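Engineer: Okay, handing you the structure first.
The values are calculated or read from the model by the stated rules, or taken from the named source; none is laboratory data. Quantities reported herein were computed from a predicted structural model and do not represent experimental measurements. Glycine also receives a Cβ, built like all others from the backbone with ideal geometry; neighbour counts cover every protein chain displayed.
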Amino acid sequence: MTEVTGEAGAAPRPAPRDEVPPDDDVSPDEVRERLRRRAIFLRELAEARELRRRVTPHRSRRARIHAALRRRTFRIH
């Protein structure tokens, strides 16, 4: 019986694709590919944040105003 399905004779579920294997089994090419994909992801994330900031300036303005109010609220005189 498997833990998940409770069926006898069912094949075990494969590991998730994103799961990082132990350091012993990772080749330099795999490390390089993972770092390349991570760099692409972070670049796209930064681009999306910048685009969101430019497209919705009222949100960023409101966020700046709220941040300023929070700073003033906790200021010690």
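Engineer: Scan segment 36-60 residue by residue and report those that are under 14 Å from the mean Cα position of the chain (by Cα) and not charged (D, E, K, R).
Structural biologist: 39, 40, 41, 42, 45, 46, 48
Engineer: Give the residue, chosen from 39, 67, 15, that is surrounded by 10 or more Cβ atoms within 10 Å (Cβ to Cβ), modelled with pLDDT under 90 and of a type in the set (Gly, Ala, Ser).
Structural biologist: 67
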